[in-house]
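The values are calculated or read from the model by the stated rules, or taken from the named source; none is laboratory data. All values derive from a computational prediction rather than experimental measurement. As a convention, Cβ positions derive from the backbone with ideal geometry for all residues, glycine included, and neighbour counts pool all protein chains shown. Ligands, DNA and RNA are excluded from the accessible area calculation, which covers all protein heavy atoms including side chains. Shrake-Rupley method; radii C 1.70, N 1.55, O 1.52, S 1.80 Å.
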Amino acid sequence: MDKMQGIFNILKVIVDNKVPDLKRKVAAGDSAQKKFKAACASISNIEQCIITNRTDKSYVKELEESLDEYNAKLPELNKTIDIAKSAQENLTAANHFYNTYNQVMNGQKLKELQEKYKQLDSILLRLEDNIFACEVNMDSSQRSIDVCEQSERDFEYYNLEYDSVVNEMSQILKEIRQLKR
């Protein structure tokens, strides 16, 4: 298992180094997508304006130059969008890797925590039995005063232990949930 963890640590370093660039490319693609939509809207408006003003040759020439400028921008924006799509796929793969990494690296710790939780659960059951026995033995009509007093002291002690075990189990559950993410 140690060799596998070593390999996963090496892979994690590689993935960690690639992720920031991938995120940058995705952000650039989002920006390019907005610019692409704006350019297409501008092209549509310019084309409409050319049709409307077709008799004004000098104005139409200006509009056609603007149209050429917008059309020239589209291939580069498309390229950036395509790169972003590929980067997004790689980010998704990186997230899958991180999930697998966490399972491999945290698997042993998770098993240990689950085993500890089971042990605490059995202690809890034993404490519940002890608490019940103390409640029964605190009945002064059935037991002597010494037994009742000892049962009261034991009852308080077992309740404190019970609360402590419940708190520890709660902490373990939080850790388990954290590791399973």
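Counting residues in the stretch 1-107 as N, plug N into 2.2 N^0.38 Å and put the Cα Rg over that result. Numbers along the way, then the final one.
On the way: Rg = 23.1 Å, N = 107, 2.2 N^0.38 = 13.0 Å.
Normalised Cα radius of gyration, the stretch 1-107: 1.78.
Using Cα positions and a limit of under 26 Å, work out the lysines in reach of Lys61, with same-chain residues fewer than 8 apart set aside.
Lys35, Lys37, Lys73
What number results when the radius of gyration of the stretch 46-133, computed over Cα atoms, is divided by 2.2 N^0.38 Å?
On the way: Rg = 33.6 Å, N = 88, 2.2 N^0.38 = 12.1 Å.
Taking N as the residue count of the stretch 46-133, the ratio is 2.79.
Between the stretch 146-181 and the stretch 101-140, what's the alpha-carbon centroid distance in Å?
Here the two parts' Cα centres lie 9 Å apart.
For the chain, what is the relative contact order in percent, using Cα pairs closer than 8 Å and at least 6 residues apart in sequence?
24
Put one equal scatterer on each alpha carbon of the stretch 1-44, apply the Debye formula with no solvent term, and list log10 I(q)/I(0) at q = 0.15, 0.16, 0.33 1/Å to two decimals.
So the normalised log intensities work out to -0.56, -0.58, -0.98.
Quick one: angle between helix 2-52 and the longest Cα principal axis of the chain, in degrees between 0 and 90, rounded to 10, please.
That works out to roughly 40 degrees.
Please name whichever of Asn90, Cys49, Val13 sits farthest to the positive end of the charge dipole of the stretch 6-95, dipole taken about the Cα centre and charges placed at Cβ: Lys and Arg +1, Asp and Glu -1.
Positive-most Cα among the choices belongs to Val13.
If the stretch 99-181 were replaced by its equivalent ellipsoid, with semi-axes equal to the square roots of 5 times the Cα gyration tensor eigenvalues, what would those be, largest first, whole Å?
Working: eigenvalues 320, 16, 10 Å².
Ellipsoid semi-axes (Å, largest first): 40, 9, 7.
Give me the base-10 log of I(q)/I(0) for the stretch 26-73 at each q in 0.14, 0.28 Å⁻¹, Debye formula, one uniform scatterer per Cα, rounded to two decimals.
-0.39, -0.96
Using bins 10 angstrom wide from zero, how does P(r) for the chain break down, in % of all Cα pairs?
The calculated distribution, bin by bin, is 8, 17, 14, 13, 11, 10, 9, 7, 5, 3, 2, 0.
How many percent of the accessible area of the chain is carbon or sulfur, using a 1.4 Å probe? Intermediate results must be reported in sequence, preceding the final value.
On the way: 6750 of 12960 Å².
Carbon plus sulfur share of accessible area: 52 percent.
Taking the Cα centre of the chain as origin, sum charge times position over the Cβ atoms of Lys and Arg (+1) and Asp and Glu (-1), and report the length of that vector in debye to the nearest 20.
Values: 26 positive and 30 negative charges, 305 e Å.
In debye, rounded to 20, the chain gives about 1460.
Which three extents, in angstrom, do the Cα atoms of the stretch 86-146 have along their principal axes, listed largest first?
Projected onto the principal axes, the Cα atoms of the stretch 86-146 cover 80, 20, 11 Å.
Go through Asn78, Tyr157, Ala28 and say which Cα lies farthest out towards the positive end of the charge dipole of the chain; charges sit on Cβ, +1 for Lys and Arg, -1 for Asp and Glu.
Asn78
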